[in-house]
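The values are calculated or read from the model by the stated rules, or taken from the named source; none is laboratory data. Because the structure is a prediction, the values reported are computed rather than measured. A quick note on method: Cβ atoms are made from the backbone with ideal geometry, for glycine too, and the neighbour counts reach across all protein chains shown. When the accessible area is computed, the model is the full protein with side chains, heavy atoms only, and any ligands, DNA or RNA have been set aside. Shrake-Rupley method; radii C 1.70, N 1.55, O 1.52, S 1.80 Å.
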Amino acid sequence: MKTVKIAIFSLLAVAVACGAFIYSGVYGVAADDPHTKQVYWLLNIARERSVEAGAASIEPPADLGDPKRLSVGAGLYAEMCAGCHLAPGMEKTEIAQGLYPAAPPLAQARKSVPGRDFWIIKHGIKMSGMAAWGKTHSDELVWNMVAFLRKLPYLSKSDYDALVRSAPADHDETMQADHGNGDGHDHQHE
């Protein structure tokens, strides 16, 4: 019984100490003040495990290589993503230089899993600058971005520019007319 009381008291003491530390404002959250190695490790593990769990049951559509899907995805990427994640031949932008953690340069070869990319684009990542595009874009449009991301590391600057120029002016109407949203459900409001 005495051991249980000591354990409870110890846990309460740790909780109070952690609360006091957090409330004191001593730990810096400025984007130009990197986390300690331990905090960065902990946040990285939490992010990776959360994304993995969220994406585990996501099945990509069979037509990720569809040229129209790639064209729409290229236009969306150029409008919404290139400022942070860059494009072939693009120098780091001011926003890309100021992000912490830094946005991954998606034009470089990387391990990519469609369901994981879909989950990240749709839901975003807290405290990283990665927006939750699923609040404003249908699942169909998110899949178009995923399709484009799969091709991006293999594009030259001129190929990228040509693909972006081929993008329709109204991404949403073009894809909805051609593909629908995949399963008849409105995923924008999940």
Task: Positive-end residue of LEU64, SER24, LEU141, charge dipole of the chain with Cβ unit charges - done: SER24
Task: Rounded to 10°, Cα long-axis angle of helix 67-80 versus longest principal axis of the chain - done: 50
Open item on the list: Net charge within 15 Å of ILE125 by Cβ-Cβ distance, Lys/Arg positive one each and Asp/Glu negative one each, not counting ILE125 itself?
Closed with: +3
Open item on the list: Can you work out the Karplus-derived ³J(HN,Hα) for every residue in region 44-53? Use 6.51 cos²θ - 1.76 cosθ + 1.60 with θ = phi - 60°, whole Hz, and x for glycine or proline.
Closed with: 5, 4, 4, 5, 4, 5, 5, 5, 4, 5
Open item on the list: Please list, ordered by chain and number, the residues whose modelled amide H lies under 5 Å from the amide H of MET130; skip anything fewer than 5 residues away on the same chain.
Closed with: ILE125
Task: Extension reserve of the VAL113-SER156 stretch, reckoned as 0.36 nm per residue once the Cα distance is removed - done: 13.3 nm
TODO: For the chain, give the magnitude of the charge dipole about the Cα centre (Cβ charges: +1 Lys/Arg, -1 Asp/Glu; no others), in debye to the nearest 20.
DONE: 1160
Task: 0 to 90° range, to nearest 10: angle between helix 2-24 axis and the chain longest Cα axis - done: 60
- [ ] Determine the per residue accessible area of the chain with all protein chains present and a 1.4 angstrom probe, expressed in square angstrom.
- [x] 64
TODO: Might you report the magnitude of the Cβ-based charge dipole of region 3-68 about its Cα centre, with Lys and Arg at +1 and Asp and Glu at -1, to the nearest 20 debye?
DONE: 460
TODO: Grab the other residues whose beta carbon is less than 15 angstrom from that of PRO104, score K and R as +1, D and E as -1, and report the net.
DONE: +4
TODO: State, to one decimal in nm, how far the label point of GLU48 lies from the label point of ALA17, with both points 7 Å from Cα in the Cβ direction.
DONE: 2.8
Open item on the list: Between ALA102 and THR36, what is 0.36 nm times their sequence separation minus the Cα-Cα distance? Round to one decimal in nm.
Closed with: 22.2 nm
Task: Acute angle (nearest 10 degrees) that the helix 114-123 long axis makes with the longest principal axis of the chain, alpha-carbon atoms - done: 70
TODO: Run the quick spin-label model on ILE6 and VAL29: label points 7 Å from Cα toward the beta carbon, then report their separation in nm to one decimal.
DONE: 3.7
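Probe radius 1.4 Å, ligands and nucleic acids ignored: give me the carbon and sulfur share of the accessible area of the chain as a rounded percent. Provide the component values of the computation, followed by the final result.
Numbers: 7510 of 12180 Å².
Here carbon and sulfur together make up 62 percent of the probe-accessible area.
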